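Written below as structure tokens is the structure these notes are about.
Nothing in this text is a laboratory measurement; each read-out follows from the coordinates by a stated rule. Just so it is clear, the structure is predicted and the values come from calculations on it, not from any experiment. Methodologically, a virtual Cβ is constructed for each residue, glycine included, from the backbone with ideal geometry; neighbour enumeration extends over all protein chains shown.
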């Protein structure tokens, strides 16, 4: 590691992030073709896109499960960090600037919602797929849940991309998720309570 | 207010609560989601049509083949045949010269989405059928789409419901390609898969049998809210 830099994300954390990102973007693309009439018209091979969307969704969740199994204890430790909110986190969420750990409270919430949404996308997607063949799996609200998740995820993604690509104070964090390390002085400013090894 | 003197509390495990609450809320919404959404859109609809602010306008386009049928006004005909006294073949202009009707009705898809208040323009099915004079032995109609092999059937009583129509206009404009140009069947009482798009033929037949989706397990009598596992 270059001097002055500290390691923020382990290889398995980065792998989990990028497997999730790649799967999500592919699913978003194929999903929008199914969802937006204008794109449906351009492509118009609904069966093909529907199969691609479904099977890539299955692959996405399987790949995530595989990385989680691979990560084992190391990812369990990450999950514990995401799970715990202290007084500073709550103050930070109320907009009263408080020192933060390796993850700030917003990043914790984003990660937790992303994980919960992956499960809900999976459940509602399976119900849509099997509901097309069997009325026992058909609920009037499945499509609403699947669409709603897409809209909220899209909002989270836009915020996430803004903070990681554009906002000057935070965009250095992209280095942490690509190369793994960030500048030590940046870390102490943004994540004062975090003590990198 | 947080007092600086207050002792720092132990970290709380809010993360797992948020996770579980989100998953539980999402899964339980399978039971309450649509009712809640209908309530919300009902409340704000005087201000804005909630569905129309969605980029899709609330519609999603289903096709069963690789290519949407192309409408060519010079070659397209609507053929009414089968058990009739006088087979009829209508050009697009001839269809449009029949008595024009408009209606506003709600479109329900069996997969759970709904588009409220669609303004359809076209002709009553009865006006078209009368020209061919169906025989007494014909108890049902077969609607044939240009999208092969899509067909579906209605019994005569179903086809005689007062708001059944052949729509060649939607929301004041010629029916768009993705909605079945030049003309589609509209039967608001039934789910969308009975509302055959890209119509090219109507045959009077002895009885209704399975259409395209019914062969795949959907109900022949696709009453909204009373079929396909809903309300039963």
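Quick notes
- Rounded to 10°, Cα long-axis angle of helix A:46-83 versus longest principal axis of chain A: 30
- Between the Cα long axis of helix A:105-131 and the first principal axis of chain A there is an angle of about 10°, rounded to the nearest 10.
- Listed peptides B:117-130, B:92-105 appear in the order B:117-130, B:92-105 once ranked by packing, highest mean of other Cβ atoms within 10 Å at the front.
- All-pairs alpha carbon distance profile, the protein assembly as shown, 10 Å steps from 0, percent: 4, 18, 24, 19, 14, 10, 7, 3, 1, 0
- Along each principal axis, taking the top coordinate minus the bottom one, the Cα set of the stretch B:53-134 gives 46, 31, 24 Å in descending order.
- Kirkwood radius, the stretch A:36-138, all distinct C-alpha pairs, inverse of mean reciprocal distance: 16.9 Å.
- For the stretch B:50-215, share of DSSP beta bridges that run antiparallel, in % to the nearest 5: 90
- Neighbouring Cβ atoms from other chains, within 10 Å of the Cβ of residues in A:35-44, number 5 on average.
- A Förster radius of 22 Å combined with the Cβ-Cβ distance from residue B:67 to residue B:215 puts the calculated FRET efficiency at roughly 0.55.
- Distance between the stretch A:68-117 and the stretch B:60-105 - C-alpha centres, whole angstrom: 59
- Put the Cα centre of the stretch B:200-232 next to the Cα centre of the stretch A:151-169 and the gap is 46 Å.
- Between A:163, A:36, A:82, the Gaussian network model of chain A with springs among Cα atoms under 10 angstrom shows the greatest mean-square fluctuation at A:36.
- Förster radius 41 Å - calculated FRET efficiency between residue A:70 and residue A:48, Cβ distance, rounded to 0.05: 0.80
- Share antiparallel - DSSP beta bridges, the protein assembly as shown, percent rounded to 5: 90
- When Rg and the Kirkwood radius Rh are both evaluated on Cα atoms of chain A, their ratio Rg/Rh stands at 1.02.
- With a simple spin-label model that places each label point 7 Å from the Cα along the Cα-to-Cβ direction, the separation between residue A:183 and residue A:1 comes to 1.6 nm.
- For residue B:74 and residue B:117, the difference between the fully extended length at 0.36 nm per residue and the C-alpha to C-alpha distance is 12.3 nm.
- R0 of 35 Å, Cβ-Cβ distance residue A:77-residue A:130: FRET efficiency to nearest 0.05: 0.45
- Fully extending the segment from residue B:20 to residue B:148 would add 41.4 nm, taking 0.36 nm per residue of separation and subtracting the current Cα-Cα distance.
- Computed over the alpha-carbon pairs of the stretch B:50-215, the distance histogram in 10 Å steps reads 10, 42, 37, 10, 1 percent, short to long.
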